[in-house]
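Structure first, then comments.
The values are calculated or read from the model by the stated rules, or taken from the named source; none is laboratory data. No experiment lies behind these values; they were computed from the predicted model shown. Counting neighbours? That spans all protein chains shown, and the Cβs are built from the backbone with ideal geometry, glycine included. Please note that ligands, DNA and RNA were not included when accessible areas were found on the heavy atoms of the full protein model with its side chains. Shrake-Rupley method; radii C 1.70, N 1.55, O 1.52, S 1.80 Å.
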Amino acid sequence: MARITAGIATSHVPAIGAAIDLGKTGDEYWAPVFAGYAWVRAWIKDNTPDVVILCYNDHASAMMLDIVPTFALGFAEEYEPADEGWGARPVPTVIGDPDLAGHLAEQLVIDDFDLTIMNAMDVDHGLTVPLSLVFGQVDEWPCRVIPLAVNVVQYPAPSGRRCYNLGKAIQKAVESWGEDLKVVIFGTGGMSHQIQGPRAGLINTPFDTAFLDGLSQNPEKLCEIQGIEYMREAGNEAIELVMWLMMRGALGDKVDEVFRFYHVPASSTGVGSIILETREFHEQNKARTAA
Ligand SMILES: [Fe+2]
């Protein structure tokens, strides 16, 4: 049967993608960010999944503001990197998994989550930057990817609690898929950032750190944070953190934090990343390493 083994949360700042694509990862400004992700890239090499379910948000690239689905599940065979105004990122085509996506859609609708089905779409930096940060610069992505786009662009965004509960339903749906698959779920976006207005550049490190702590140890408490609080405390775009709760919900009650990284500033944001393994997978991994 298929299993979600771990979750990765990471920022998806577009400037990080530009730094990778333009060969600036060793620059003084960017080097600490990419050094922080070295451990993630080593971890994923040892724990390469068959499929990634990637929770992200489209930034009016594939979904213009005439239609704004709250939750949009990718159902396509493949997804091209979107042209966000300066040409598409030079990254591989993303290969989908329509069979598993179909099963997820069916089970999630049965579980009362009404999804929009995306039979075709391009994927923007929200999806491709996390893939680059985790897998590096590769000729092809090493696994299939199911995009799950969440509306955090136009009010009202779904609550953290709703995203957490959707994550729980995703875990249940994956575990009812008969194929023997290792699945890793990504929650992307955040952390502190505000890209416009008089508060542009706002960063609240205590808020970000507490969020990382809560994700690991007490996600129920994080579910109480209302949308307005994310924006007030950590900037308008910090609302993207609800997608981290979707990842957390999909891991079950007991997790083990195996990695955490936080760096300020990167493109006027707080950049964070965390890897949580399910308790079951963590114990298996420990036994495998010891053997
Ligand atoms: Fe974003």
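The condition (being modelled with pLDDT under 95 and either β-branched (Val, Ile, Thr) or within 16 Å of the ligand (Cβ to nearest atom) (or both)) is satisfied by just one residue among Leu54, Leu127, Leu65: Leu65. The residue that is nearest to the ligand (Cβ to nearest atom), among those in segment 235-256 that are over 12 Å from Thr10 (Cα atoms) and of a type in the set (D, E, K, R), is Glu237. Evaluated against (1) in a helix (DSSP H, G or I); (2) touching a residue at least 12 places away in the same chain (Cβ under 8 Å), Ile8 falls short on exactly one condition, (1). When residues in segment 135-156 are screened for being closer than 19 Å to Gly74 by Cα and within 16 Å of the ligand (Cβ to nearest atom), 7 of them pass. Within segment 1-32, the set of residues being in contact with a Phe, Trp or Tyr (Cβ under 9 Å, 6 or more places away or on another chain) and under 30 Å from Val255 (Cα atoms) comprises Met1, Ala2, Arg3, Ile4, Thr5, Ala6, Gly7, Ile8, Ala9, Thr10, His12, Ile16. Of everything in segment 45-64 that is closer than 19 Å to Met243 by Cβ and among the hydrophobic types (A, V, I, L, M, F, W, C), the residue that is surrounded by the fewest Cβ atoms within 10 Å (Cβ to Cβ) is Ala60. Under the condition of being within 25 Å of Met231 (Cα to Cα) and open to solvent by 10 Å² or more (accessible area, probe 1.4 Å), the residues counted in segment 114-150 number 1. The single condition among (1) away from the ligand (no atom under 16 Å from the Cβ); (2) open to solvent by 50 Å² or more (accessible area, probe 1.4 Å); (3) over 27 Å from Ser216 (Cα atoms); (4) touching a residue at least 24 places away in the same chain (Cβ under 8 Å) that Gly102 does not satisfy is (2).
Only one of the numbered conditions (1) modelled with pLDDT of 95 or more; (2) surrounded by fewer than 16 Cβ atoms within 10 Å (Cβ to Cβ); (3) under 19 Å from Ile16 (Cβ atoms) is not met by Val94, and that is (2).
For segment 107-137, a tally of residues being among the charged types (D, E, K, R) and without any contact (Cβ under 8 Å) to a residue 60 or more places away in the chain returns 2.
Looking only at segment 9-44, residues that are open to solvent by less than 20 Å² (accessible area, probe 1.4 Å), away from the ligand (no atom under 16 Å from the Cβ) and under 22 Å from Ile146 (Cα atoms) come to 3 in all.
Checked against (1) under 16 Å from the mean Cα position of the chain (by Cα); (2) more than 16 Å from the ligand (Cβ to nearest atom); (3) open to solvent by 30 Å² or more (accessible area, probe 1.4 Å), Leu73 meets all criteria but (3). Identify, please: which residue in segment 165-194 is open to solvent by less than 10 Å² (accessible area, probe 1.4 Å) and under 25 Å from Thr269 (Cα atoms) and is, among those, nearest to the ligand (Cβ to nearest atom)? Among residues in segment 165-194 that are open to solvent by less than 10 Å² (accessible area, probe 1.4 Å) and under 25 Å from Thr269 (Cα atoms), the one nearest to the ligand (Cβ to nearest atom) is Gly189.
Please verify whether segment 76-99 includes one or more residues that are within 16 Å of the ligand (Cβ to nearest atom) and acidic (Asp, Glu). Among the residues of segment 76-99, at least one is within 16 Å of the ligand (Cβ to nearest atom) and acidic (Asp, Glu), which makes the answer yes.
Within segment 39-56, the only residue that satisfies the criterion of being in contact (Cβ under 8 Å) with a residue 60 or more places away in the chain and acidic (Asp, Glu) is Asp50.
Selection of helices (runs of 4 or more DSSP H) fully inside segment 74-183 by the criterion of at least 2 residues being under 26 Å from Met1 (Cβ atoms) and among the acidic types (Asp, Glu) returns 98-110.
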